[in-house]
Amino acid sequence: MEIMKAITIKPGVKNSIEMRDAPDPARGDDNVKVKVLRVGLCGTDADIYAGEYGEAPPGDDYLILGHENFGVVEETNGNSGLRRGDYVVSTVRRPCGKCLNCQQGEMDFCSSGDYTERGIKGRHGFMAEYYTESPEYLIHIPPALRDVAVLLEPTSIVEKGIDHIYLIQRRISWQPKRALVLGAGPVGLLAAAVLRVRGLETFVAGREPSTDLRAQVAKGLQASYLSVDGMAITDLPGKTGPLDIVIEATGVSSVVFGAMQILAPNGILCLLSVTGGTGVRPEPTDRINQDLVLGNNVVFGSVNANPRHFRKGVEDFQSLEKSYPGVLQKLITSRLPWHDYGQWFGQKRTGIKTTLEISTG
């Protein structure tokens, strides 16, 4: 049996992360073998490291971490449509095979709950030297996007949310002009980027000062940055004007309720952050209910993504590199050799996005 290195945890066991030997995955006749070049780190990885969730594949007592990925094809067959040396990003969720949505290729809407997710739930991830995958879940990456392609998985989440904003709003004649993104982390800034590609006047609201790199990235996208530390969410329309689209990407549940109160008539709020905990707070529920009803507003949540959203992300990356060259690269503020993973896990994190550099292939 061939052996490779991988970064693993024992699901449900806090601080159990380690780099260990794992079986090198053999390529089946229908699969593609990929050499991993880098992985992105995000809050989901931190939560799994903290023992909050995560599930090992059947038969294993460990889970290889990592779902944000970028690699190069090492081995393939003549029917995959891919060649050795092609750059790829893998999608994350795999269908349950039972529910109607999964049978229709919409595994991001799995209704049985029996889906698997690479590096998260029941399927090994990408913090390893190699992985194998069916070509239907691999997204071909143009060489010009090599340096930013690791951002494609979080971008796919944004692409799905914005795609569904426009699908939902087919209910009316609607020409959105102005959007606000709440939160200036990686997902928030990627949302701003996609909104700018769509031609919307875009505002990004964050707690960081206007001198912070996050603000500079927003300005590099020709979006307006609002430093809102200490400001009420409900005061924002006074600075932005009427808001047709609001995207929440803060991870703070109280922000959600404030965001419900700032939509223009016929506006729509997309929630992209997952909040944990058991917090309970008073909210102006009568006001919120009245605003949503009388404004014909919509609030919806979105998680995970379909392969088509990954492909749309590649398309938008190409547009962004043409219109705002170099801005996407500024989101990656730290590139760690993967043996130094301990500098991120369990540590106070700074910057915008950190990657683990696994290979230079």
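The values are calculated or read from the model by the stated rules, or taken from the named source; none is laboratory data. Every value quoted in this text rests on a predicted model; they were computed, and no experiment measured them. Counting neighbours? That spans all protein chains shown, and the Cβs are built from the backbone with ideal geometry, glycine included.
Could you give me the residue pairs with C-beta distances under 7 Å whose first residue belongs to segment 239-258 and is on the phi < 0 side of the Ramachandran plot, whose second residue is polar (S, T, N, Q) and buried (at least 21 other Cβ atoms within 10 Å of the Cβ) wherever it lies, and which are 6+ apart or on separate chains?
248/273; 249/273; 250/273
Of 280, 255, 299, 274, which residue is out of contact with any Lys or Arg (no Cβ under 9 Å at 6 or more places or on another chain), part of a helix (DSSP H, G or I) and not aromatic (Phe, Trp, Tyr)?
255
List the residue pairs whose Cβ atoms are under 7 Å apart, where the first residue sits in segment 272-297 and is charged (D, E, K, R), the second is assigned to a helix (DSSP H, G or I), and the two are 6 or more positions apart or on different chains.
281/254; 283/257
Kindly list the number of the only condition in (1) buried (at least 16 other Cβ atoms within 10 Å of the Cβ); (2) outside the structural domain of residue 34 (by TED's automatic domain parsing); (3) over 15 Å from the mean Cα position of the chain (by Cα) that fails for residue 317.
(3) is the only condition that residue 317 fails.
Can you pull out every residue in segment 231-257 that is surrounded by fewer than 20 Cβ atoms within 10 Å (Cβ to Cβ) and of a type in the set (Gly, Ala, Ser)?
232, 238, 241, 251, 253, 254
Take segment 208-263 and flag every residue that is charged (D, E, K, R), more than 24 Å from residue 300 (Cα to Cα) and within 23 Å of the chain's Cα centre (by Cα).
Within segment 208-263, 208, 212, 214, 219 qualify.
I need every pair where a residue in segment 43-68 that is assigned to a loop (DSSP other than H, G, I, E, B) has its Cβ under 8 Å from the Cβ of a residue that is surrounded by 21 or more Cβ atoms within 10 Å (Cβ to Cβ) and among the small types (Gly, Ala, Ser), sequence separation at least 6 or different chains.
Sorted first by the residue in segment 43-68, then by its partner, the pairs are 65/119; 65/125; 66/119; 66/125; 66/128; 67/119; 67/125.
Can you tell me which residue within segment 2-26, out of those that are in contact (Cβ under 8 Å) with a residue 24 or more places away in the chain and acidic (Asp, Glu), is surrounded by the most Cβ atoms within 10 Å (Cβ to Cβ)?
24
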